[in-house]
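A short worksheet on the structure shown next.
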Amino acid sequence: MKKSLHIAIILITASLFWYCTDKFDMPVISKGNPGNIGGDTIYIQQNPVWTGFNKPQDLIIGKEPFLYVCDTDNDRVVMMNLAGEILGTRYVQKPVAIAQDHLLNLIVCGELVHEGQVYSAVFKIHLFDSHHDLASAKIDTLLPKTSFDFARPDRKFTGVTTFYDNSFYVARTGPVNSSPVDPDNSILIFK
């Protein structure tokens, strides 16, 4: 008897919650209208449009937060505030990927010229030490580093990401992938 009373109370309570709430119509997304961008997210283009870039290939919002842009064909990294005002630039040849660690260093994939040969490279820009003056920040070349690295101009560094412990991963591509020890298409881990 007691068990059936509990079941009846649960059923009545559940039906009150189920039937006594407002029902919302699901939005109808018209497939016939190509201008319809309905859904759970709507993107509104900011105005004015930020111009002056030449084939930018990557951007991040840093930890400060500043916006960093790999302005590839202008051979520079651009630091902007969130309103789009340029706060500084730094020459990096053909930057294609950028990340920032928790020490506020920028890790940038780009290019360098060594003895007349162009190589893909990974750089570290020390922003914190320069008090966020991008133009005067110390820049270290992390890769290529060894004579073996300089023997492989066909390798390209294409992406970078950082982790909470300031380690970072770099994506690398290239045509030689038969080596079980050091294939060109790989992810390199830096700790």
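Listed values, structure above:
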item	result
Within region 95-191, strands (runs of 3 or more DSSP E) holding 3 or more residues that are without any contact (Cβ under 8 Å) to a residue 60 or more places away in the chain	106-114, 117-126, 138-143, 168-173, 186-190
Residue count, region 154-184 (criterion: within 29 Å of His102 (Cα to Cα) and small (Gly, Ala, Ser))	3
Matching residues in region 60-77 - criterion: being under 15 Å from the mean Cα position of the chain (by Cα), crowded, with 16+ Cβ neighbours inside 10 Å and in a strand (DSSP E or B)	Ile60, Leu67, Tyr68, Val69, Cys70, Asp71, Val77
Residue match in region 83-98 (condition: within 19 Å of Asn166 (Cα to Cα) and out of contact with any helix residue (DSSP H, G or I) (no Cβ under 6 Å at 6 or more places or on another chain))	yes
Filter result (among the hydrophobic types (A, V, I, L, M, F, W, C), farther than 15 Å from Val122 by Cα and touching an Asp or Glu at 6+ places or on another chain (Cβ under 9 Å)) within region 141-191	Phe148, Phe163, Val176
Which listed residue, of Asp154, Asp149, Asp165, Asp182, is at pLDDT 95 or above and farther than 30 Å from Asn81 by Cα	Asp154
All positions within region 164-191 that are surrounded by 13 or more Cβ atoms within 10 Å (Cβ to Cβ) and either within 12 Å of Ile107 (Cα to Cα) or β-branched (Val, Ile, Thr) (or both)	Asn166, Phe168, Tyr169, Val170, Thr173, Phe190
Residue that is surrounded by the fewest Cβ atoms within 10 Å (Cβ to Cβ), among those in region 88-104 that are under 16 Å from the mean Cα position of the chain (by Cα) and closer than 17 Å to Val78 by Cβ	Leu104
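The values are calculated or read from the model by the stated rules, or taken from the named source; none is laboratory data. Model, not experiment: these values are computed from the prediction. A quick note on method: Cβ atoms are made from the backbone with ideal geometry, for glycine too, and the neighbour counts reach across all protein chains shown.
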